[in-house]
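Laboratory data are not the source of any read-out in this text; all were calculated from the coordinates shown. Computed from a prediction, not measured in an experiment: that's the story for all the values here. Ideal geometry is used to build each Cβ from the backbone, glycine not excepted, and the neighbour counts take in all protein chains shown.
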Amino acid sequence: MPVSLAHDCETYAQHKKDAMKEMGRTSYTPYVHPGRGAVIGDEIYFTLRWGNAIVKYELSRNCISMIDSPRNPRSITLMEMGDNTLGFAYSKALSLYVWSRKVRSGGAAEWMQYRVIELEGTIPVANPGDRAFVIGYAEGLNVIFMATSAGLFTFELESGRVKKIDEPQVYFNVLPYMSFYTPGHGTLSSLTRIH
């Protein structure tokens with residue numbers, strides 16, 4: 001699956017299907033979302049800006065496919081659920097929605113709403129009527145990053161604990177990391193930690 005960057009900086013994944021090869025046509029999906037993806041087993045998931053479709057790339061089969069989200073939320077953040085399945089979170093007004101993809105006994109997968117968390121009174125906002133935006137997820141910690149008019153916050157899914165980590169500004173995505181590897185130096189801890 002070649003990934004290309006066109007002259008107009010439009011990022012897209014391009015592939016040819018057998019049926020389209022005969023017609024000499026190429027299919028591509030525009031607007032890979034510049035946010036955090038998810039890796040589950042040998043599958044890599046990422047989102048597209050257009051319609052929040054989810055792309056799944058299977059490394060072992062060198063195969064790409066599309067997964068529709070159950071609704072058309074404005075912006076979703078992919079996450080690995082505790083049972084090694086794909087999930088995503090998004091916010092609407094001051095509510096946080098978490099969805100999980102479950103495989104039924106027949107092999108077909110379906111989206112299930114996992115949780116709805118009311119954030120009013122939990123996540124600070126500067127003005128009544130302001131909303132919260134999900135802009136990241138810390139895998140392994142089960143922490144969602146949310147931006148509001150009052151700042152950037154972490155929200156622990158299990159405890160419901162909220163912590164302000166930055167002042168208000170424009171945030172698009174938070175891509176947290178826990179550690180990184182430097183050849184010859186081993187694993188080094190992140191300079192920023194969530195306490």
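Would you kindly state how much longer the chain becomes between T85 and E158 on full extension, computed as 0.36 nm times their sequence separation minus their alpha carbon distance, in nm to one decimal?
24.5 nm
Determine the principal axes of the Cα atoms in region 31-189, then give the extent along each, sorted from largest to smallest and rounded to whole angstroms.
49, 46, 32
Over region 31-189, how many pairs of lysines fall under 24 Å by alpha carbon, counting only those 8 or more apart in sequence or from different chains?
Taking the Cα cut-off of 24 Å, the pair count is 4.
To make sure I understand, if each residue's beta carbon is the centre and we count other beta carbons within 10 Å, what order do L157, L59 fall in, fewest to most?
With the sparsest Cβ surroundings first, the list reads L59, L157.
Tell me, S75, S95, S105 in order of fewest to most beta-carbon neighbours within 10 Å?
Fewest-to-most ranking of S75, S95, S105: S105, S95, S75.
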